[in-house]
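Taking it in order: structure first as structure tokens, then the write-up.
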Amino acid sequence: MTTNNPKSIIVIFGATGDLANRKLFPSIYRLYRNNKITDDFAVVGVARRPLTNDDFRNNVKKSIEAFQSDDIDHDDFASHFYYNPFDATDLDHYKRLNEFLLQLDDQYNTEGNRIFYLAMAPNFFGTIAANLKSEGLTQTKGWSRLVIEKPFGHNFESAQELNNQIRQAFNEDQIYRIDHYLGKEMVQNIEVIRFANAMFEPLWNNQYISNIQITSSEVLGVEDRGRYYESSGALRDMVQNHMLQMLALLAMEPPIKLTPNEIRSEKVKALRAIRPISVDDVDKYFVRGQYDRGILNGEEVNAYRESSSVDSNSNTETFVAGKILIDNFRWAGVPFYIRTGKRMEKKSTEIVVQFKDLPMNLYYDKTENVHPNLLVIHIQPHEGISLQLNAKKGDQGTVSKPIDLSFNNNSKDKMNTPEAYEVLLYDCMRGDSTNFTHWDEVALSWKFVDVISQNWENKSADDYPNYESGSNGPKKSDALLEQDGFHWWTVTPEEE
Ligand SMILES: NC(=O)C1=CN([C@@H]2O[C@H](COP(=O)(O)OP(=O)(O)OC[C@H]3O[C@@H](n4cnc5c(N)ncnc54)[C@H](OP(=O)(O)O)[C@@H]3O)[C@@H](O)[C@H]2O)C=CC1
Ligand SMILES: O=C1O[C@H](COP(=O)(O)O)[C@@H](O)[C@H](O)[C@H]1O
């Protein structure tokens, strides 16, 4: 059951870290400023550094000011924040924290409701969950929920081990596994576009769609995250979670109701229908890449292997492209192509649905290309939808030209599109787990991805680095589609 005026204490483990400062504090602030949370909330930050409440509140204010330009005095908001010096491995600290939370419950009328947000290194997730239970922090008179950041494991086996640990302390319906793509406005719109439009749903199948392309490209390189990225690579960092989640939303059947369980169950069915590939066949379906030096915004930039904490012979992929087949009635024969990479030409996440050509096209001569109908869902930075249709070309009545019908979601007021973390935190406070990943989804995604990593980890990538910074990835990625008679679409919406 969800409620619109949630009351709770949010305990942030790792409150002095990057995620808390860059994403969580500004998101909580926006919920407050937009009256989604009012006065019945408190935030308790915990980490090892010896800060006072005042130090912590100053950090919170700085973080808001860095990411939010308004002239409001932030003292009232910051007064809801408290800091506890805390070592996640010390049981006495949990006891002390529990007593403090009980005091705050009375002070803020939070009715014993608690969110434990684990914004710490993943190796702490299991320990913290177990300690929260053993020290009584989960036995409150209200509800308690655990928010877990990615990565959720390193492969299926470790994810399962972590899940078992967490499940000893929390039930599945108390666990909120974050995939921040599920908080993005246009990712949430995929379902609405599909299931609220009579003109799309009847065509959404292998009779009318020839292929679907999901691209998430970044301009940024690995920056200072080399240590983490070396053990992850683009496959674990982006494909196992964000890319497969978008694919599941595009491929799933309509849920019978808009409840978390019904939606998740349809996503799980779609993921289960993905055709497994064998370790030996990986090269037929997936290509990997690693960025080289290049020119970005007029400046020369380093290769991945030159980044700090990265091995100078690193085998880690910074780019992945793949072809995924879904073996069910709706999708048999329709390839879903996915592509994600760092240091690419532009920052863009978009989904292109390419419709099949008509059996006969009257309106082109032999020198013109056929222009298929395309539905493009622009996830970011542009948010919107565009539809490529064919229309009459000037005075040449026998030739058609592509025209574009576009809807820009963020053209009027960019600032009003809520940040993914803001949306997800609010959902969690209201007990709505629709846009969090269920264990079954995580498990299926890992099983699919593990086969690919087994192949890649067992042989070195002799062609690395194989794409220039600022390019669209390695040539092999184009070849993957060319062998099926397709090519990657790059559809940049009109400037807003
Ligand atoms: N940063 C990002 O943009 C993203 C991060 N994530 C995930 O979020 C999590 C946090 O990432 P990030 O904020 O970047 O990490 P940071 O390294 O910046 O922060 C880690 C935090 O953990 C605290 N900490 C470390 N050891 C202990 C301990 N023994 N007891 C208590 N606190 C401890 C640190 O504070 P102190 O040293 O004071 O103890 C610090 O506050 C990770 O799981 C990451 O994968 C996911 C997506 C994006
Ligand atoms: O989860 C992650 O996502 C970001 C990309 O997120 P976006 O919202 O900017 O598209 C990626 O840079 C990072 O490596 C990965 O961990």
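Computed from phi, the 3J(HN,Hα) profile of region 227-233 under the Karplus parametrisation 6.51, -1.76, 1.60 (θ = phi - 60°) reads 4, 5, 5, 4, 8, 10, x Hz, with x in place of Gly and Pro.
When the pairs K95/K447; K356/K476; K36/K62; K267/K323; K7/K95; K61/K346 are compared against a 30 Å limit on Cα-Cα distance, K95/K447; K61/K346 fall above it. The distance separating the Cα centre of region 176-249 from that of region 263-292 comes to 13 Å.
Across the alpha-carbon set of region 79-124, the Rg to Rh ratio works out to 0.98, Rh being the Kirkwood radius.
Once the Cβ-Cβ distance of N5 and R275 is raised to the sixth power relative to R0 = 60 Å, the FRET efficiency obtained is 0.85.
The accessible area of D280, taken with all protein chains in place and a 1.4 Å probe, comes to roughly 140 Å². Estimated translational diffusion coefficient (Stokes-Einstein, Kirkwood radius over Cα pairs, 20 °C, 1.002 mPa s) of region 1-56: 173 µm² per second.
Considering the chain, its Cα convex hull presents a mean projected area of 25.4 nm².
Treating r as the C-beta distance of A196 and A479 and R0 as 41 Å, the FRET efficiency rounds to 0.65. Counting only alpha carbon atoms, the long axis of helix 185-195 and the longest principal axis of the chain meet at about 60°.
Summarising the label geometry, the points placed 7 Å from Cα in the beta-carbon direction at W143 and N123 lie 3.4 nm from one another. With the alpha-carbon atoms of region 215-352 aligned to their principal axes, the span from lowest to highest coordinate is 51, 34, 25 Å, starting with the largest. What region 83-186 shows is 41 Å² of accessible area per residue, with the surface traced by a 1.4 Å probe over protein heavy atoms.
Kirkwood hydrodynamic radius (Cα pairs, Å) of region 51-100?
12.4
In units of the rule-of-thumb radius 2.2 N^0.38 Å, region 62-155 shows an alpha carbon radius of gyration of 1.26.
How big is the equivalent ellipsoid of region 130-273 along its three axes, where each semi-axis is √(5λ) from the Cα gyration tensor, reported in whole Å from largest to smallest? In descending order the semi-axes read 31, 23, 13 Å. Measuring only protein heavy atoms, the 1.4 Å probe finds I326 accessible over about 0 Å².
Here the extension length gained between K62 and D440 equals 132.2 nm, from 0.36 nm per residue of separation less the Cα-Cα distance.
log10 I(q)/I(0), Debye, Cα-only region 193-292, no solvent, q = 0.11 Å⁻¹? The Debye formula, applied to the Cα set alone, gives -0.49.
The values are calculated or read from the model by the stated rules, or taken from the named source; none is laboratory data. If you're wondering where the values come from, they're calculated on a predicted model, not measured in any experiment. Backbone-built Cβ (ideal geometry, glycine too); neighbour counts: all protein chains shown. Keep in mind that these areas ignore ligands, DNA and RNA; they rest on the heavy atoms of the full protein, side chains included. Shrake-Rupley method; radii C 1.70, N 1.55, O 1.52, S 1.80 Å.
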